[in-house]
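One structure below.
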Amino acid sequence: MRLEGKVALISGGARGQGAVEARMFTREGAKVVIGDILDEEGQKVEAEIAEAGGECVYIHLDVTSEEDWRKAIGEAVNRFGKLDVLVNNAGIYPPARIEDTTEELWDRIMDVNGKGVFLGTKLAIPEMRRAGGGSIINISSVAGLRASAGAAAYGASKGAVRLLTKSTAVQYAKDNIRCNSVHPGIIETDMTLPTILTDDEARRRSAERTPLGRIGQPEDVAWGVLFLASDESSFMTGSELVIDGGRTAR
């Protein structure tokens with residue numbers, strides 16, 4: 001098993017990509033804590049994983065709250081003894097042009113997508129240091145690599161995640177703490193279905209713009225996250241893993 005003996009915390013783990021990552025991690029031997037604000041869905045994932053024989057605990061986690069992060073990381077350490085892996089997966093995508101972006105919307109996007117990653121990283125580092133090292137995986141986006149015309153605030157927040165990742169990698173390499181970012185393209189999740197993949201025509205256009213000719217699935221990203229969480233990626237830090245079907249290669 002690729003994560004045997006590791007303890008992981010995944011934010012935004014109640015559904016979509018985070019839930020897929022949690023299931024995959026437990027199948028690969030990890031003990032997992034999932035945090036989210038969607039309590040009913042999160043508890044359901046916890047129960048499903050337990051029924052399948054995995055070890056998973058759900059805890060309420062608003063990633064914009066430092067106190068919630070302390071509780072979530074404390075739960076991982078108190079329940080399982082340490083913290084080896086953090087996946088900063090939680091994020092929001094409210095598309096809006098710059099002129100249509102209110103101050104309140106800008107702040108909300110930056111709080112969840114940027115501040116949430118910062119708080120999780122900041123509070124996980126001391127526990128990873130005590131454990132002898134660890135892996136932090138930050139879910140950015142291809143929008144953090146190139147312009148996102150219809151969602152400028154989202155792109156700015158994901159660009160911030162990209163650079164925070166690199167700063168973390170450089171600062172904490174001496175502690176054997178690695179930090180890498182993942183940059184998905186269009187992935188079929190609860191976030192994209194109401195905003196991007198809204199109907200058959202939108203799905204067709206998205207697939208046509210992707211060299212591999214299809215829309216990405218949560219599993220496509222989760223396999224990359226699993227690799228970065230495992231010791232197979234032990235010489236990777238500060239790197240960008242793009243999982244987009246070739247869209248940014250054009």
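The values are calculated or read from the model by the stated rules, or taken from the named source; none is laboratory data. Computed from a prediction, not measured in an experiment: that's the story for all the values here. Every residue, glycine among them, receives a Cβ derived from its backbone with ideal geometry; neighbour counts consider all protein chains shown.
Set side by side, the residues Gly74, Gly54, Gly12, Gly35 differ, and just one is at negative phi, of a type outside the set (Ser, Thr, Tyr) and crowded, with 23+ Cβ neighbours inside 10 Å, which is Gly35.
Among all residues of the stretch 222-238, there is at least one that is under 20 Å from the mean Cα position of the chain (by Cα) and on the phi > 0 side of the Ramachandran plot. In the stretch 180-208, the residues that are farther than 20 Å from Val20 by Cβ reach residues that are surrounded by 19 or more Cβ atoms within 10 Å (Cβ to Cβ) with C-beta atoms within less than 6 angstrom, at least six apart or across chains, in these pairs: Ala207/Ile215.
The set of residues in the stretch 109-142 being of a type in the set (D, E, K, R) and within 20 Å of Asp62 (Cβ to Cβ) consists of Asp111, Lys115, Lys122, Glu127.
Quick check on my filter: what residues within the stretch 171-183 are farther than 14 Å from Val87 by Cα and in contact with a Ser or Thr (Cβ under 8 Å, 6 or more places away or on another chain)? Ala173, the sole residue that qualifies. When Leu119, Leu105 are checked against the criterion of being at pLDDT 95 or above and more than 20 Å from Ile136 (Cα to Cα), Leu105 stands alone in meeting it.
Report yes if some residue within the stretch 169-179 is surrounded by fewer than 24 Cβ atoms within 10 Å (Cβ to Cβ) and within 30 Å of Gly213 (Cβ to Cβ); otherwise report no. No, the stretch 169-179 has no match at all. Evaluation of Phe227 against the conditions (1) in contact with a helix residue (DSSP H, G or I) (Cβ under 9 Å, 6 or more places away or on another chain); (2) buried (at least 20 other Cβ atoms within 10 Å of the Cβ) shows that the sole unmet condition is (2). Of all residues in the stretch 62-112, exactly one satisfies the criterion of being closer than 24 Å to Pro218 by Cβ, of a type in the set (D, E, K, R) and touching a residue at least 60 places away in the same chain (Cβ under 8 Å), namely Asp84. Apart from one condition, Lys122 fits all of (1) surrounded by fewer than 17 Cβ atoms within 10 Å (Cβ to Cβ); (2) more than 27 Å from Asp175 (Cβ to Cβ); (3) within 16 Å of the chain's Cα centre (by Cα); the exception is (2).
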